[in-house]
1. Return a yes/no flag: does the range 58-70 have any residue that is under 16 Å from residue 116 (Cα atoms) and assigned to a helix (DSSP H, G or I).
2. Checking residue 88 against (1) in a helix (DSSP H, G or I); (2) modelled with pLDDT under 75; (3) over 22 Å from the mean Cα position of the chain (by Cα), only one condition comes out false. Which one?
3. For the range 8-22, what are the residues that are surrounded by fewer than 24 Cβ atoms within 10 Å (Cβ to Cβ) and in contact (Cβ under 8 Å) with a residue 60 or more places away in the chain?
4. Do you know which of the residues in the range 134-151 that are touching a helix residue (DSSP H, G or I) at 6+ places or on another chain (Cβ under 6 Å) and modelled with pLDDT of 75 or more is surrounded by the fewest Cβ atoms within 10 Å (Cβ to Cβ)?
């Protein structure tokens, strides 16, 4: 049963979605350090959903879907703002003929973590996964309470994320490093990052239920 749960978790993590696309965009434009920091925020946001589900608070989003919609809209506006900034940087480089060197990434600390939390918690697929999938793997006759089982299974899901994300982050960063020093390549990577963030906004907009 645990094996089935792990397979289901890996399938959700691997599936190209807003969180993965944002992480990939960050790795391409800013490097593995900042992408890893963003990933930490995404995992923390996911774990906060686990805590809410364990405490029974997450069920409010079934009873009051407008609350979930409001959270989604906040996340979409923020990611849209990031996409606009990425397009602006790429356009500036294109017009000025930037020397293009992509400087080594430096972690932004709490700002990237907060960004990751906001992205994760505004993704409805995460909470729907926990609400619909996770309860199927809690056993009523087990020594641990259903709440504790929910917490442990949810934490396991969060722990699996780096095993999928880190290879992708390092691969994207390796591509970025190979293109260091090329003005055209630097601008193209920034544009690719902007397009990915725009795709994330489009995906999240399609998921909103008004």
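1. Scanning the range 58-70, I find no residue that is under 16 Å from residue 116 (Cα atoms) and assigned to a helix (DSSP H, G or I), so the answer is no.
2. (2)
3. 8, 9, 10, 12, 13, 14, 17, 20, 21
4. 147
The values are calculated or read from the model by the stated rules, or taken from the named source; none is laboratory data. Source: prediction; values computed, not measured. With ideal geometry, Cβ positions are generated from the backbone for all residues, glycine too; neighbour counts draw on all protein chains shown.
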